[in-house]
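The values are calculated or read from the model by the stated rules, or taken from the named source; none is laboratory data. Everything quoted here is computed from the prediction, not taken from an experiment. Here Cβ is always computed from backbone atoms with ideal geometry, including for glycine, and neighbour counts include all displayed protein chains. What goes into the accessible areas is simple: the full protein's heavy atoms, side chains included, and nothing from ligands, DNA or RNA. Shrake-Rupley method; radii C 1.70, N 1.55, O 1.52, S 1.80 Å.
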Amino acid sequence: MPMPASPSTLMRDDSLAARLFQGHDYKRSLVGDSLVGDDPIRDMAHQSSRAVEDSGSVFFDNVADFFSSIPWVVYAILGIILIAFLFYRFYQEGLLRSGQLPKVKDEDSDDIYEIDYDVEIRSALEAHNYSSLVRLLYLRTLRILDERGRISWRISKTPMEYANEMDSAPFLKMTHHFLRVRYGHFEADETLYQTMSALQEEVLKGGEA
């Protein structure tokens with residue numbers, strides 16, 4: 001009866017069966033070639049990234065196809081319209097600066113040097129428009145203060161900046177009334193108009209109380 005081969009003999013066995021036994025990866029065969037030796041999460045992320053890249057590529061390809069399908073005549077027409085618009089705006093600005101084209105008057109403008117106070121106050125009095133009168137009194141006060149050098153008026157400054165600049169209690173009250181009527185939509189009446197007139201007189205004579 002032949003003796004069984006020892007382990008060392010098996011290790012030295014270079015027969016075909018031994019080589020197949022030693023070289024075969026049973027783990028890969030049992031689990032699957034696609035999972036062994038790889039990170040499944042990394043593979044999933046890679047596949048997702050490839051899917052996003054592919055969809056993005058398709059989107060940009062569709063956009064490119066859309067614009068390439070537009071005739072060049074359309075681009076030419078759009079370009080001509082844009083150039084004509086820019087030319088018109090520059091031409092209009094040039095006329096405004098040269099004084100050949102009058103500026104359109106904004107009836108609600110708070111530019112203190114573009115208001116005809118006598119005309120507008122008379123018109124507001126006749127119409128009993130006290131909200132307009134409160135606004136006009138305040139803006140006229142700003143103009144007088146600016147002409148006297150007591151404030152430095154700029155269209156970009158806020159009423160509260162002038163109040164801080166003046167540091168005057170009567171003027172601060174005027175400012176609060178103006179803000180309520182102008183921006184808070186408070187309905188002014190004759191009493192408020194008389195109050196604003198008295199405050200204006202006090203501010204212009206230099207009162208601080």
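Among the residues making up region 199-209, those that are part of a helix (DSSP H, G or I) and open to solvent by less than 100 Å² (accessible area, probe 1.4 Å) are L199, Q200, E202, V203, L204. Do we have M196 as in contact with a His (Cβ under 7 Å, 6 or more places away or on another chain) and either free of Cβ contacts under 8 Å to residues at least 24 places away in the same chain or outside any loop (DSSP other than H, G, I, E, B) (or both) here? Taking the combined requirement at face value, the residue satisfies it. Kindly indicate whether T175 is free of Cβ contacts under 8 Å to residues at least 24 places away in the same chain and either surrounded by 21 or more Cβ atoms within 10 Å (Cβ to Cβ) or among the hydroxyl-bearing types (S, T, Y) (or both). It is false that T175 is free of Cβ contacts under 8 Å to residues at least 24 places away in the same chain and either surrounded by 21 or more Cβ atoms within 10 Å (Cβ to Cβ) or among the hydroxyl-bearing types (S, T, Y) (or both).
Scanning region 155-193 for residues that are in a helix (DSSP H, G or I), under 29 Å from the mean Cα position of the chain (by Cα) and of a type in the set (S, T, Y) yields one hit, Y162. Number of residues in region 125-144 that are in contact with a Lys or Arg (Cβ under 9 Å, 6 or more places away or on another chain) and not hydroxyl-bearing (S, T, Y) equals 3.
Taking the listed residues E126, E190, E201, E161, the one that is charged (D, E, K, R) and in contact (Cβ under 8 Å) with a residue 60 or more places away in the chain is E190, with no other qualifying. Does L136 satisfy being under 20 Å from E201 (Cα atoms) and without any contact (Cβ under 8 Å) to a residue 24 or more places away in the chain? In short, yes.
Looking only at region 139-150, filter to residues that are crowded, with 20+ Cβ neighbours inside 10 Å and either of a type outside the set (A, V, I, L, M) or in contact (Cβ under 8 Å) with a residue 40 or more places away in the chain (or both); which one of those is nearest to Y193 (Cα to Cα)? Of everything passing the filter in region 139-150, T141 is nearest to Y193 (Cα to Cα).
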